[in-house]
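Chemist: Below you'll find the structure I mean.
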Amino acid sequence: MTDTPAVDRLAAALTELRGKAKLTLGQIETFGKTQQPPVNLGKSKTSPWFAGKAVPDPGRPFSTLVKLLEVRAGVSPLGVGRWELMRREAADERRFLPMAANNAAAPLTNFVADGASETAPNTQASSQQLPSPASPTETDRRKAGRLLDLLPPDGSWRTWLRKAPTLFTVPLAVSHPACDAYEALDDDVLDYVDPALQEAHESAMEHLRALYDELNGMHDVSDEGRPVLEMSYPGTATERNDLNRQACQARDSFLRAYKNLVNLLNAQGLVPASGLDGKAVPQNTQGSGPDLGVELMAGCTLEDGRIIHIPIGLAGAEGPQIFSEPYYLVVKAANRSTCEVQVDGVRMEMDYGMEVPAIYTFAPAGPGGRAQLPFKLGSHASGHAHANAAELGNGFAAVARDRGRAVPKRVRPVVWTGSGIDFFGSWTDLETLGPFLLKAMRGE
């Protein structure tokens, strides 16, 4: 640990990242407003964070900010968990050493014309030894173990839910763990001592309850020799498709909340390297096989012809003075394993509420006719493929005309490897994607 107070280190790190991202406080505030639901990233809220005059509270505003800055800066991401550790260290320092925190000089930062930043050394850093962040309590450790025992991150329940294109039928081997976990965890009267963990736990439980309700509304048809739950038939195919869409939304919301909670537990050292019974926690079912993370982003062309990749919501909200056509949809694949992986193809799946999603396959040639597929990913490397956004948007419009003005409710990216394994990204609502596609179609 250096002699620089943790509050100043957090402020300096945020300021340096903001300089690399070349974002003003106004642009950050606008980005927050485009999120669903909106996130308060107003100037009066974030300015003290960058100046070292206040420590962010745990929650969505802080995590949204660091994700935005890392993406726009184009740096290797530390991840929300690492940033949360820095934030907690600063919060502990502010709580335990209020005088040192209040008297410490904020980082002196000057933004130059091109958006880079220079941080002056802090000449008032305290030489007093600062306390380390509090270690996780034994009760937090046991509560985390209870969750991971009921819903293991590498369990087949999560793999199936994450990859299932629809929830018209759900195996009992998937529904039983989810429902049993909700009933067991909902009866737990002990909260986490760590407030950030408790907030993430409450969010996960709220979304697990929604998924629990959806699963309990389905029919158990195991007495017919099929060990599954089946979506009910409320009267019409449209109504049944609406039930499926509602169940999928509950599933997606819970998986996001669950992932956030497990990552916070991992940041606190509460995810053991082995199972609670001493047996190894099962990893990838292919042993040393591929493990890919898949993400959908927007590709925007700068004046000098370079293509940058930014979040979909930000691309749809930005004006033409920053980006120009052509626009692209970009699917990024990150190799999280140590073995080399070949990505053979990329597609977009469009959910129209039917049992089988419509599919758009990315072309082997990308911008300028350059070959983009297949591509190889080394250990912990990433790669991407582009699809012309205007072409895809016009494809949506053509399908809408053919299907009586039907439009997809959401889309998700999928990559597949040379061994034939599909890896799925998260669903993106058309409300988030739509403004960007319209912008591309209009040639702004």
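Chemist: Any lysines with Cα under 30 Å of the K332 Cα? List them, leaving off those in the same chain fewer than 8 positions away.
Modeler: K20, K22, K33, K67, K163, K259, K376, K409, K439
Chemist: If you plug each phi of segment 257-266 into the Karplus form 6.51 cos²θ - 1.76 cosθ + 1.60 with θ = phi - 60°, what whole-Hz ³J(HN,Hα) values come out, in order, with x for Gly and Pro?
Modeler: 5, 5, 4, 4, 5, 5, 5, 5, 4, 5
Chemist: Take the alpha carbon atoms of segment 257-272, find their center, do the same for segment 222-244, and report the distance between the two centers in whole angstrom.
Modeler: That distance is 34 Å.
Chemist: Note down the net charge around L190, summing +1 for each Lys or Arg and -1 for each Asp or Glu among other residues with Cβ under 14 Å from its Cβ.
Modeler: Working: positive: R141, R142, K143, R146; negative: E138, D140, D186, D187, D188, D191, D194, E202.
Result for the local shell: -4.
Chemist: I've got another one for you. Using modelled backbone amide H atoms (1.01 Å from N, in-plane), which distant-in-sequence or interchain residues come within less than 5 Å of S382's amide H?
Modeler: N335
Chemist: OK, next. Add +1 for every Lys or Arg and -1 for every Asp or Glu among the other residues with Cβ under 13 Å from the Cβ of G434, and state the total.
Modeler: Details: positive: K409, R410, K439, R442; negative: D429, E431.
Overall, the nearby charge balance is +2.
Chemist: I've got another one for you. Using r as the Cβ-Cβ distance of K259 and D188, and R0 as 22 Å, what FRET efficiency do you calculate, to the nearest 0.05?
Modeler: On the way: r = 20 Å, r/R0 = 0.93.
Efficiency, from the Cβ-Cβ distance: 0.60.
Chemist: Can you compute 3J(HN,Hα) from phi for each residue in segment 158-168, using the Karplus curve 6.51 cos²θ - 1.76 cosθ + 1.60 with θ = phi - 60°, rounded to whole Hz and x for Gly and Pro?
Modeler: 6, 4, 5, 4, 5, 9, 5, x, 9, 10, 5
Chemist: Quick one: Karplus J couplings for segment 35-51, per residue in order, coefficients 6.51, -1.76, 1.60, θ = phi - 60°, nearest Hz, x for Gly and Pro?
Modeler: Each residue's phi maps through the Karplus curve to give 6, 10, x, x, 10, 6, 10, x, 4, 5, 7, 8, 4, x, 5, 6, 8 Hz.
Chemist: Hey, any idea what % of segment 340-428's accessible area is carbon plus sulfur with a 1.4 Å probe?
Modeler: Working: 2160 of 4190 Å².
Percent of accessible area from carbon and sulfur atoms in segment 340-428: 51.
Chemist: Moving on. List every residue whose amide H lies under 5 Å from the amide H of F362, counting only residues 5 or more places away in sequence or on a different chain, with H placed 1.01 Å from N in the peptide plane.
Modeler: V346, R347, M348
Chemist: Ranking request for peptides 179-189, 377-387, 7-17, 249-259: highest mean number of other beta-carbon atoms within 10 Å first, then the rest in descending order. Mind showing how you got there, number by number?
Modeler: Details: 179-189: 13.5, 377-387: 17.7, 7-17: 22.4, 249-259: 19.3.
Descending packing order for the listed peptides: 7-17, 249-259, 377-387, 179-189.
Chemist: Any idea which of V262, A181, P171 is furthest toward the positive side of the dipole for segment 169-263, if Lys and Arg beta-carbons carry +1 and Asp and Glu beta-carbons -1?
Modeler: P171
Chemist: Please compute the per residue accessible area over segment 197-262 with all protein chains in place, 1.4 Å probe, rounded to a whole number of Å². Before the final figure, lay out each step's value.
Modeler: On the way: 3290 Å² over 66 residues.
Computed with neighbouring chains in place, this is 50 Å² per residue.
Chemist: At 1.4 Å probe size, with the rest of the protein present, what percent of the exposed accessible area of segment 232-274 is carbon and sulfur atoms?
Modeler: Values: 1000 of 2040 Å².
Roughly 49 percent, rounded to a whole number.
Chemist: Round to a whole angstrom and tell me the spacing of the C-alpha centers of segment 370-403 and segment 298-315.
Modeler: One Cα centre to the other: 15 Å.
The values are calculated or read from the model by the stated rules, or taken from the named source; none is laboratory data. Note that this is a predicted model, so its numbers are computed, not measured. So basically every Cβ, Gly included, is an ideal-geometry build from the backbone, and we count neighbours across all protein chains shown. For the accessible areas, the whole protein counts, side chains as well, though only heavy atoms, and no ligand, DNA or RNA atoms are used. Shrake-Rupley method; radii C 1.70, N 1.55, O 1.52, S 1.80 Å.
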